[in-house]
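Since every read-out is calculated from the coordinates, none of them should be taken as a lab result. Only a predicted model underlies this, so the values are computations on that prediction, with no experimental measurement involved. No Cβ is skipped: glycine too gets one built from the backbone with ideal geometry, and neighbour counts run over all protein chains shown.
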Amino acid sequence: MAVQEICRMGNPILRKVADKVLPSEIKTPEFSKLLEDMKDSMIHYGGVGIAAPQIGVSKQVCLIQFDDDNERYDDLEEQPLTVYINPVIKILDETTEGFWEGCLSVPGLRGYVERSQKISVDYTNEKGEQVHEEVEGFLAVVIQHELDHLFGKLYVDRITDPKLLSFNEEFDEYIVPSLSGDNF
Ligand code: ZN
């Protein structure tokens, strides 16, 4: 178990475009350790996703894993641990929907962000295989959030109405008591 400290908003590493992962790096012990550290840190801090820059490594890789118990999407299917290396997304439907997002790098806050609900993602997995997937709903939201981390963006940049940014406690008390939201 190698839980790493999470880089928080203000740390310049979160504002850099991360380096692409080279195919020759993928099966090295160093890269496997990075993936282990990311997984351990995501689980330890209770995130549904994590990007390498959040643990101080400026590389284009992120992980996503969540259960099927999200309040927002009742038909949500659980997402087994997935490694996205050098992901590229394409918007398949311009229609956006809002979701209250949280982020391990912006602790204690959540904000309302509109994102496309249907995208395609092309990426390399941890075995070095090329994958193409079309995804919708919550997974599409989480992938877009993680991809932003690889390009120096945070969800707070995408909040169109600054009034829709809240501390967690005030969110629970005044905004949507039933919707706790997730950190990623
Ligand atoms: Zn985040």
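Note on the chain: dipole from Cβ charges, positive end direction compared against Asn168, Thr82, Val61; the farthest Cα belongs to Val61. By the rule of a C-alpha distance below 13 Å, with chain neighbours fewer than 8 residues away ignored, the aspartates and glutamates paired with Lys59 are Asp19, Glu25, Glu30, Glu146, Asp148. With the charge dipole of the chain set up from +1 on Lys and Arg Cβ and -1 on Asp and Glu Cβ about the Cα centre, the Cα lying farthest toward the positive end among the listed residues Val3, Gln144, Ala18 is that of Ala18. Here Asp19 and Lys127 are evaluated by their C-beta separation; at R0 = 25 Å the FRET efficiency comes out at 0.75.
Dipole size of the stretch 25-136 about its Cα centre, with +1 on Lys/Arg Cβ and -1 on Asp/Glu Cβ: approximately 660 debye, rounded to the nearest 20. Given their separation in residues at 0.36 nm each and the Cα-Cα distance between them, Ser58 and Asp40 gain 4.7 nm when the chain is fully extended.
Loop-located GluC sites (Glu not before Pro) across the stretch 42-141 with a Cβ neighbour count of 15 or fewer within 10 Å are Glu71, Glu77, Glu78, Glu129, with loop assigned by DSSP.
Which order do the peptides 17-30, 144-157 come out in when sorted by mean C-beta neighbours inside 10 angstrom, highest first? Present the calculation step by step, with values, prior to reporting the outcome.
On the way: 17-30: 13.0, 144-157: 19.7.
Ranking the peptides 17-30, 144-157 by packing returns 144-157, 17-30.
Calculated FRET efficiency, Ser120 and Lys33, Cβ-Cβ r, R0 35 Å, to nearest 0.05?
Values: r = 30 Å, r/R0 = 0.87.
Efficiency at R0 = 35 Å is approximately 0.70.
For the stretch 45-104 versus the stretch 110-184, the inter-centroid distance based on Cα atoms is 6 Å.
Exposure proxy ranking for Phe138, Phe167, based on other Cβ atoms within 10 angstrom of each Cβ and starting from the fewest, stands as Phe167, Phe138.
Give me the number: length gained by fully extending Asp157 to Glu169, i.e. 0.36 nm times residue separation minus the C-alpha to C-alpha distance, one decimal in nm.
Details: separation 12, 0.36 × 12 = 4.32 nm, distance 2.17 nm.
The Asp157-Glu169 span can extend by a further 2.2 nm.
The aspartates and glutamates within cross-link reach of Lys163, meaning a Cα-to-Cα straight distance under 20 Å and a gap of 8 or more places when in the same chain, are Glu97, Glu101, Glu114, Asp172, Glu173, Asp182. Length gained on full extension, Asp69 to Glu97, computed as 0.36 nm times the residue gap minus the Cα-Cα distance: 8.1 nm.
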